[in-house]
Each structure stands twice: as C-alpha cells, then as structure tokens.
Amino acid sequence: MTKTAQTEETQTKDVLTQSAQPKAAPVPETLDGRPSRASSRRRRILLWVVAGLAILGVIALVVGGIFNQGAATDPEPTMTAVQIIPLVILVVMFVVATKWPLNIGVMGLVASFGVGYFMLGMSDKQILEEFPASIVLTIIGVTYFFSMAQRNGTIDIIVKGCVRMVRGKTLLLPWVFFLIAAALTSLGTFSPAAIALLAPAAIGFAYESRIHPVVMGAFIINGAHAGGFSPLSVAGVLVHDIAVKNDFPISQGGLFIASFALNLILSVLTIVLFALIGKLRDGSGQHMDIDTSSTGRPHGQQILTLALIAAMLVCTLGFHMPIGFVALSAGLLLAFINIKEHKTFIGGISWSTVLLVAGMITYVSLLQHVGVIDTLAEQALALGAPLLIALVLCYVIGVGSAFASSTALLTAFIPLAGPLLATSSLSASGTVAALAIAATVVDVSPFSTDGALVVANARDDDRQRVYKQLMFYAGGVVLVAPALAWALLVPTGIM
C-alpha cells in the first residue's frame with residue numbers, strides 16, 4: 001500500500017490504529033519532523049530515475065514500432081496520437097502521485113472524463129461503462145465490517161490470545177504476527193489496515209524481546225501480503241476480476257497459495273539473512289509498556305462478530321456468494337446492536353481506496369478502448385521471448401510499486417499480460433500471480449504505507465536507524481523478489 005500512496009489507506013489507518021495498545025507515533029512525513037538533506041536527495045533521485053525509465057520505455061516502444069514498420073514484412077501496429085496522448089497522461093499521473101500526496105484514482109476519473117469527452121466524443125454513460133461496481137462494493141463491504149470488528153475489541157482478543165501461546169519463546173513471535181496478519185487479510189482486511197492494527201504491539205514486543213524491529217516489521221508486512229490474495233480479499237477479487245475481464249481467467253486458490261508460499265519463503269530468507277549478519281537479536285530489551293494482560297473470554301458483540309466471520313466464510317467459500325454484499329449484511333447486523341457508533345463505522349470504510357481502484361480501472365478501460373494496451377503488448381512481444389518479457393514486466397511493476405500505488409500498478413499492468421498469454425504457452429495463473437506478488441512484496445519499502453507504519457512505531461530514538469535499515473532491506477527485496485516470483489511461477493508452469 002507511501003510512496004505517497006500512503007493516502008490510499010489514510011481513513012482505514014486512522015480508524016484502526018486508535019485501539020492499538022501501545023501508543024505509536026503517527027506516520028511521519030519525515031522521521032524527525034524535518035527531512036534530512038541526504039534522505040530527501042536520495043528519494044528525489046530514485047523517483048526521477050523511475051519516472052525517467054518509464055518515459056524512456058514508452059518512447060522506446062513508440063519509436064521502435066515506427067522504425068520497425070519499414071523493415072518488417074508484416075508491419076507491426078504503431079501508436080496514433082489518440083493512443084499516445086492518453087498513455088503519456090497515465091505516466092504523468094504516476095509521477096505526480098509518487099511525488100505529491102494526491103489520490104491517483106481521482107486523477108484517473110478526471111483524466112477519463114477529459115480524454116473520453118473531449119478527445120473521443122464519448123458520453124458520461126459510455127465513459128463509465130467499465131466502472132468497477134463489484135470491486136467497489138467489495139472494498140466498502142469488507143472495510144465496513146472489519147472497522148466494527150476492530151472497534152468492538154474482537155481483533156484485540158485474537159491478537160492477544162495468539163501472542164500468549166508462545167509462552168516466552170520470543171523467536172516465535174515474528175511467526176505469530178505473520179500468521180495473524182495473514183489471517184486478517186485473508187478474511188478481507190486491507191493490508192495497510194492489518195499492519196496498522198498489529199504494528200504497535202508487534203514492534204513493542206520486538207524491543208522487549210530483543211528481536212530486530214526490521215525483522216518484526218518485515219514479518220508483519222509479509223504476513224499481510226501472504227493472505228492478501230485470498231478469494232475473500234480486496235486484492236484477490238480485484239486481480240481475478242481484471243483477469244476474467246481480459247479473457248484469461250485464473251485460479252483464485254492458486255493465486256492465494258502462490259502468494260502465501262512466496263511470502264513465507266521471503267520470511268525464511270529474512271531470518272537467515274539477519275542471522276548471518278548477526279542482527280537477529282538487537283538492542284537491550286527496553287520495556288515498551290505493552291498490555292499483555294488476559295482479555296478473558298469473548299462476550300456480547302465479540303461473540304457475534306466471531307460468528308459472523310465464520311458465516312462469511314461459509315457463504316462466500318461454500319455457496320460462492322459475493323463477498324461485498326455478505327460483508328455489508330454482516331456489518332449491518334453489528335450496526336443494529338451499536339447504533340450510536342454507526343457514523344464511526346462508516347468512517348472506517350477505505351474511501352481513498354475506493355477512489356483509487358475506481359479511477360484507475362475506469363481509465364485503464366479507456367486505454368483498452370482506444371487500443372493502447374493491445375498495441376503496447378504487441379510491440380513488447382516483438383522484443384523477444386515471452387519468458388523474458390514476463391521477467392521484465394515483473395521488475396517494472398516491482399520497482400514502480402516501491403514508490404507508487406501497488407493497486408494502481410496492478411490495474412495497469414495485468415491487462416498487458418493478455419496478448420502475451422494469448423500468443424504463448426505461459427500459464428495465465430502463474431504469470432498473473434508473479435506480477436501480483438512482485439507488485440506487493442516490495443511494499444516493505446519505507447516509502448510505502450506498510451513500511452512507513454513500521455518506521456512510525458519504532459522508538460523515537462531509534463526511528464532513524466530503523467528507517468535506514470528498512471530502506472536497505474527493501475532494496476534487497478526489490479532486487480530479489482520479482483526474480484524469485486518469476487522463477488518459481490512462470491517458467492515452471494506450476495500453476
């Protein structure tokens with residue numbers, strides 16, 4: 001989830017972090033209130049490198065198509081002005097959303113109107129024909145329900161109960177939080193919301209038990225992404241719907257298993273790396289005033305919430321009912337027994353994510369309408385072997401996602417895989433899973449919402465160190481994870 005896409009989950013994060021036991025500092029714009037010149041300079045350089053590579057890539061594809069036209073016996077399609085202008089607007093949108101805290105979804109809706117109405121002469125109904133109503137309903141439903149589950153203490157009971165199970169075996173704590181985060185996101189909690197719930201307690205336990213805070217932060221984020229593509233999750237529904245719409249249906253169960261397995265492998269590699277460099281144990285174990293007292297048995301609303309979670313699983317997995325309507329129905333039942341706080345529950349809906357997904361999918365659908373996606377994909381296919389193209393796409397989406405919105409990049413890049421899959425023997429599920437995983441595992445970056453939450457919950461006197469070490473760790477993830485996802489899922493045809 002920033003990367004100035006921190007705005008994606010602002011509302012969800014604000015509501016969900018209120019009940020965390022230890023008090024954590026808010027996500028800082030910079031680590032000490034004022035950015036250091038060195039860190040600001042590094043970030044500007046990285047942002048402009050990514051933006052420059054994206055622009056050069058577009059220019060290379062366009063110019064390459066023009067020059068190859070004369071040499072080819074069967075000329076490849078070249079991009080027209082009607083295709084180039086909307087594509088340039090998309091690149092500009094990503095650059096702007098990366099540099100400033102603006103919601104790229106709002107820009108997408110405005111750009112859809114500008115391009116559709118003024119360039120293509122489309123009516124408002126035609127522009128909104130591909131508006132993702134089902135995905136929007138899913139986001140609203142699951143964030144509505146889980147804001148209630150957090151407010152009534154159900155999530156706290158689950159977390160504290162799991163932590164007490166380790167019984168002093170502190171090296172098991174990262175795995176406990178990995179599994180809790182995975183469980184939350186697999187049930188529908190948006191990943192930044194799950195991390196906002198868990199990070200204060202998890203980082204506090206890390207200091208108390210002398211586990212490196214970067215290790216604990218990485219495990220929370222990996223766990224959230226491990227469950228983030230379940231059939232019940234927002235991201236899982238989003239990727240599946242985009243794939244179906246582009247005529248290459250994928251296995252939702254396969255996507256979930258692949259995401260869980262890759263994040264599990266990354267977590268094991270993280271433990272090995274920090275053990276080898278002697279950083280697994282860290283600090284002097286200073287106490288962090290964490291409430292570890294027993295919460296007792298669930299009662300009242302908490303029992304009802306747990307029962308509703310079980311009912312949601314039965315309805316969606318057993319009877320294939322739409323998760324959006326099911327979650328809204330469950331939330332409405334909870335609202336009836338807590339009418340006074342209903343406005344708070346409505347505020348827990350991730351409206352910024354609704355805007356992001358709706359705007360990006362609407363605009364990318366417009367690009368598909370004018371043939372931009374097909375032309376780019378056909379020109380990319382002319383560059384070489386399908387396996388190489390898939391690897392390049394994994395790295396582009398991975399590097400871009402470290403600074404921009406993962407969700408926005410998924411909506412833009414997955415359609416590009418359509419022609420690649422149609423003209424090759426690559427597995428649709430494996431290729432899409434590799435792209436999805438490459439786009440999300442890099443959110444450990446401190447420029448993302450997830451990474452920023454880890455930095456924000458570090459001790460005040462340790463925040464700068466955690467920021468620097470998390471940035472180096474994220475750099476390693478960006479280098480390794482896309483290649484690992486590609487190697488395990490694309491050439492093997494395992495899915």
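In table form, for the structure just shown:
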{"read-out": "Hits in the range 358-374 - residues which are open to solvent by 10 Å² or more (accessible area, probe 1.4 Å) and polar (S, T, N, Q)", "value": "S365, Q368"}
{"read-out": "In the range 124-165, the residues that are of a type in the set (A, V, I, L, M), under 25 Å from H299 (Cβ atoms) and surrounded by fewer than 17 Cβ atoms within 10 Å (Cβ to Cβ)", "value": "M165"}
{"read-out": "Every residue from the range 114-123 that is part of a helix (DSSP H, G or I) and buried (at least 17 other Cβ atoms within 10 Å of the Cβ)", "value": "V115, G116"}
{"read-out": "Pairs, first among the small types (G, A, S) in the range 404-417, second open to solvent by less than 10 Å² (accessible area, probe 1.4 Å) and part of a loop (DSSP other than H, G, I, E, B), C-beta under 7 Å, six or more apart", "value": "A404/K3; S405/T2; S405/K3"}
{"read-out": "Residue among G400, G348, G384 that is at positive phi and at pLDDT below 85", "value": "G384"}
{"read-out": "Residues of the range 430-474 that turn out to be over 28 Å from F256 (Cβ atoms) and in a helix (DSSP H, G or I), as a count", "value": "14"}
{"read-out": "Condition broken by A408, with the remaining ones in (1) closer than 30 Å to S147 by Cβ; (2) open to solvent by 30 Å² or more (accessible area, probe 1.4 Å); (3) small (G, A, S) satisfied", "value": "(2)"}
{"read-out": "Condition met for I323 (open to solvent by 50 Å² or more (accessible area, probe 1.4 Å) and either of a type in the set (V, I, T) or on the phi > 0 side of the Ramachandran plot (or both))", "value": "no"}
{"read-out": "Residue in the range 181-196 that is of a type in the set (A, V, I, L, M) and at pLDDT below 80 present", "value": "yes"}
{"read-out": "Test for P491: is it part of a helix (DSSP H, G or I) and over 23 Å from P192 (Cβ atoms)", "value": "no"}
{"read-out": "Any hit, the range 388-403, residues being in contact with an Asp or Glu (Cβ under 7 Å, 6 or more places away or on another chain), outside any helix (DSSP H, G or I) and more than 14 Å from A433 (Cα to Cα)", "value": "no"}
{"read-out": "Matching residues in the range 347-357 - criterion: being open to solvent by 60 Å² or more (accessible area, probe 1.4 Å) and closer than 15 Å to T189 by Cα", "value": "W351"}
{"read-out": "Cβ pairs under 7 Å, 6+ apart, first in the range 460-477 and farther than 19 Å from S401 by Cα, second at pLDDT below 90 and in a helix (DSSP H, G or I)", "value": "R463/V455; V466/V455"}
{"read-out": "The lone exception for V372 - which of (1) touching a Ser or Thr at 6+ places or on another chain (Cβ under 9 Å); (2) at negative phi it fails", "value": "(1)"}
{"read-out": "Matching residues in the range 168-179 - criterion: being closer than 13 Å to I158 by Cα and either acidic (D, E) or open to solvent by 10 Å² or more (accessible area, probe 1.4 Å) (or both)", "value": "V176, L179"}
{"read-out": "Test: residue in the range 199-214 that is within 30 Å of V326 (Cα to Cα) and surrounded by 24 or more Cβ atoms within 10 Å (Cβ to Cβ)", "value": "yes"}
{"read-out": "Matching residues, the range 427-486, being touching a Ser or Thr at 6+ places or on another chain (Cβ under 6 Å), under 24 Å from P249 (Cα atoms) and not β-branched (V, I, T)", "value": "S429, A439"}
{"read-out": "Residue among S284, S293, S233 that is within 27 Å of T154 (Cβ to Cβ), over 17 Å from the mean Cα position of the chain (by Cα) and either modelled with pLDDT under 90 or not aromatic (F, W, Y) (or both)", "value": "S293"}
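To keep it simple, each residue is scored yes or no on (1) hydrophobic (A, V, I, L, M, F, W, C); (2) open to solvent by 40 Å² or more (accessible area, probe 1.4 Å); (3) out of contact with any Gly (no Cβ under 6 Å at 6 or more places or on another chain); (4) more than 18 Å from V214 (Cα to Cα).
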| residue | (1), (2), (3), (4) |
| --- | --- |
| A456 | yes, no, yes, no |
| R459 | no, yes, yes, no |
| V466 | yes, no, yes, no |
| F472 | yes, yes, yes, no |
| G493 | no, yes, yes, yes |
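A quick yes/no check of all residues on (1) at pLDDT 85 or above; (2) in contact with a helix residue (DSSP H, G or I) (Cβ under 9 Å, 6 or more places away or on another chain); (3) within 27 Å of S191 (Cα to Cα):
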{"position": "F94", "(1), (2), (3)": "no, yes, yes"}
{"position": "I104", "(1), (2), (3)": "yes, yes, yes"}
{"position": "G108", "(1), (2), (3)": "yes, yes, yes"}
{"position": "D124", "(1), (2), (3)": "yes, yes, no"}
{"position": "I127", "(1), (2), (3)": "yes, yes, no"}
{"position": "V136", "(1), (2), (3)": "yes, yes, yes"}
{"position": "Y144", "(1), (2), (3)": "yes, yes, yes"}
{"position": "N152", "(1), (2), (3)": "yes, yes, yes"}
{"position": "I158", "(1), (2), (3)": "no, yes, yes"}
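The values are calculated or read from the model by the stated rules, or taken from the named source; none is laboratory data. For clarity, every value in this text was computed on a predicted model and none was experimentally measured. Note: ideal-geometry Cβ built from the backbone for every residue, glycine included; neighbour counts use all protein chains shown. SASA here: full protein model, heavy atoms, side chains in, ligands and nucleic acids out. Shrake-Rupley method; radii C 1.70, N 1.55, O 1.52, S 1.80 Å.
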